[in-house]
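A short write-up of the structure that comes next.
What follows is calculated from the coordinates using simple rules that are stated; it is not laboratory data. Bear in mind that the values here come from a model prediction, so they are computed numbers and not experimental data. Neighbour counts run over all protein chains shown; Cβ positions are idealised from the backbone, glycine included.
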Amino acid sequence: MLPDGSGYFGNYGGRFVPETLMPVLGELTDAYTKAKADAAFWVEFDRLSRDYSGRPTPLFFAEQLTKNGGGARIFLKREDLAHTGAHKINNALGQGLLARRMGKQRIIAETGAGQHGVATAAVCSMLGMECIVYMGKEDVRRQSLNVFRMKLMDAEVRPVASGSGTLKDAINEAIRDWVTNARDTYYLLGSVVGPHPYPMMVRDFQQVIGKEARQQIQDQFGRLPDYVVACIGGGSNAMGIFYPFLDDRGVRLVGVEAAGRGLATGEHAATLVAGNIGVLHGAKSYVLQDHSGQIKEAHSISAGLDYPGVGPEHSYLKDIRRVTYVGVNDQEALEGFQLLCHTEGITPALESAHAIFYAVRLAGSLEKKQIVIINLSGRGDKDMGIVADALKVKL
Amino acid sequence: MSRLASSFKPPAGKALIGYITVGYPDIKTTLEVVPLLAKCGCDIVELGIPFSDPLADGVTIQKSSFRALQNGVTPKICLEIARQLRQKVDIPLVFMSYFNPVLSYGLTEFVTDCIRSGIDGLIIPDLPPEEGVELEVITRQRGLDLIYLLAPTSTESRIRLVAEKSLGFLYLVSVAGVTGTRSRLPADLAGFVARVRTVAKQPLCIGFGISTAAQAKQAARIADGVIVGSRFIQLMKTGNLDAVAVFAKSLRYALDEVPRLTLKK
């Protein structure tokens, strides 16, 4: 069972944080371990997942998309239909319930595209907790709709101007807040990144995606899929859908990173494809860095993938070759985005559009009897402005 | 005894430790300010290696790091600057770096080059002892002091762990938070220091949030040394070092007024 007692997945993970946070992470691990063993905690999680988040989300046979691909049957795991529009609600709900159990009233979070911020704001609103969301200045600009949604749910959104003004800087600022207010504040981290126990805990709350998908495909088809494809920024939706399939050796898993303007330009967010080993935000993992160990700014058309790090468990899965990691660039993601609108009348998040582009091409190279599941991690309403700009359409 | 440890040995007074970011506002200033700090009464100087994501630092040091990176400062350049400074000053020089630049340089190579450049110790704010095992072996072999930190949130068992491992001195973070000037020291500081003192044999130095002579004096009453960073960085902004000298001297005078002999025998 990974991670080990020190929070390592093979060589990756751990706790590279200031001393101030070490005791706090210890408490958090203890609290989570107890909650995990408590059936009542999961009864509550399952109840709210059903009645609040709308789980289970459907597994949809995308017939037109399949025709377009011209090969394997393509299924979409519809996380876009979950409350607040993405898989992020699963983790926000789980950690929100944990924070309540721990008696913490002040919740802080970081957000890139705003999906995790919105999910956290929603859960805090529902559970009656204070919510502060750190968001890069650049992301505040390009995801203004989500900023407004968070504010409507009484969250305070704090723009972060340092660095590139994106997700990496929002996490830095959230950690600074946490270091300062460690005693009464719960840091509701939104992906499978950060110091132990976050990568484990976020994975555990997200694996509901894979568990459902694994059951649904067997119910519908009587067998497991040949491929599962998901996009990767920090890697939480991918970890969530991959995890329950890890022991199914016949199921190939593909993680799709953002190749941005192209791997050769250096302007991308393909950490596993093009990065190397380093330490960022409390964990050892693959990172994008220069020759002197400075973290590089990532680039992606999708704010949710725009991150120069990745969860340590993905680094481990790359090294043991259980998961294949590939890159899809901005232009290709836009194609994937439009393709799903045309074929199925579904507007995907730009993040998920990376997985769609790759999976459709993959399906085309496979036989008709084979099955590909795409994790449609979120819906694209938030991206309308960006897509319109990219397509040179005036709204 | 290491150069670092001997600077706390009686009859030495309370240690004044100054922090500067290497290459802020430029490299020329770094080469001038360290000898000046030594002349004005600093017993140890911490040389900050700039990092892109300094998550334990407040706004002042974030900005100085950013500026230093814009000036093209790398760990390699910091080592070269340290080598030049070592020819100018005798006081211990300590590197403060986040872990990733050190990891990227190569742990063994970095420690070896530190020794070559005359560096005495290493402070890595995002490397708790649990993650420092490999680096510890290398630093011990080569005689570089790896200095660990404790915080007001540290439990008794963590205090014991860190006290067992830290060499040179123990860095006590005065307050749960990031670096930067604050209007007052936390009320429970004496209690925290006392908790550590019962366990630790090393000299105890207090840092984070100390920016005036009065605060330095207050901290020195309970500790063996005082670390001042952000205030120096603020004063260096223009590159005119007169104010830095005046401030360093005022800290020195303040510390010299505090009775000695808090070190355990």
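When each of A:V273, B:V178 is scored by the number of other beta-carbon atoms lying within 10 Å, the sequence from fewest to most is A:V273, B:V178.
From the square roots a ≥ b ≥ c of the eigenvalues of the alpha-carbon gyration tensor of chain A, which class results: rounded (a/c under 1.5), prolate (a/b over b/c), or oblate?
Rounded, since a/c falls under 1.5.
Note on B:125-137: average number of Cβ atoms from other chains within 10 Å of each residue's Cβ is 4.
Reported to the nearest whole Å, the Cα centre-to-centre distance from segment B:185-246 to segment A:335-353 is 57.
In peptide A:291-299, what is the residue-averaged number of other protein chain Cβ atoms found within 10 Å of each Cβ? Please report the intermediate quantities before stating the final value.
Values: counts 4, 16, 14, 13, 6, 1, 1, 0, 0.
For this peptide, the per-residue mean of nearby foreign Cβ atoms is 6.
When +1 charges are put on Lys and Arg Cβ atoms and -1 charges on Asp and Glu Cβ atoms, the dipole computed for the protein assembly as shown relative to its Cα centre reaches about 1100 debye. Model label sites at B:S183 and B:D242, defined 7 Å from Cα along the beta-carbon direction, differ in position by 3.1 nm. Once you sort the root eigenvalues of the Cα gyration tensor of segment B:12-75 as a ≥ b ≥ c, which label holds: rounded (a/c under 1.5), prolate (a/b larger than b/c) or oblate (the other case)? Oblate shape, in that a/c is at least 1.5 and b/c is the bigger or equal ratio. For segment B:1-68 and segment A:209-248, what is the centre-to-centre distance using only Cα atoms, to the nearest Å? If you average the Cα positions of each part, the centres end up 52 Å apart. Amide H contacts for B:D53 (H built 1.01 Å from N in the peptide plane; partners 5 or more residues away or on another chain; cut-off under 5 Å): A:I295.
Going down the list A:K104/A:K168; A:K168/A:K284; A:K34/A:K104; A:K77/A:K369; A:K296/B:K237; B:K9/B:K39, which pairs span over 23 Å between their C-alpha atoms?
Violating the 23 Å limit, Cα to Cα: A:K104/A:K168; A:K296/B:K237.
Unpaired Cys in chain A, meaning no second Cys C-beta under 4.7 Å: A:C231, A:C341.
Full extension of the chain segment joining A:R249 with A:K36 gains 74.0 nm, where the gain is 0.36 nm per residue of separation less the Cα-Cα distance.
Looking at segment A:192-263, which trypsin sites (Lys or Arg not before Pro) are in a loop (DSSP not H, G, I, E or B) and have at most 16 other Cβ atoms within 10 Å?
A:R223, A:R249, A:R261
The 3J(HN,Hα) values that the Karplus relation (6.51, -1.76, 1.60; θ = phi - 60°) gives for segment B:100-105 are, in residue order, 4, x, 5, 4, 5, 5 Hz. Gly and Pro appear as x.
Pick out, from B:V199, B:P128, B:A163, the residue whose Cα sits farthest towards the positive end of the charge dipole of the protein assembly as shown, with +1 on the Cβ of Lys and Arg and -1 on the Cβ of Asp and Glu. The one lying farthest along the dipole's positive direction is B:V199. Among B:L93, B:I61, B:S183, whose Cα projects farthest towards the positive end of the dipole of chain B, with charges put on the beta-carbon of Lys, Arg (+1) and Asp, Glu (-1)? Farthest along the dipole direction, towards plus: B:S183.
Between A:R322 and B:E164, the simple spin-label model (points 7 angstrom out along Cα→Cβ) gives 3.3 nm.
For A:L366, the residues 5 or more places off, or on other chains, whose built amide H falls under 5 Å of its own are A:A72.
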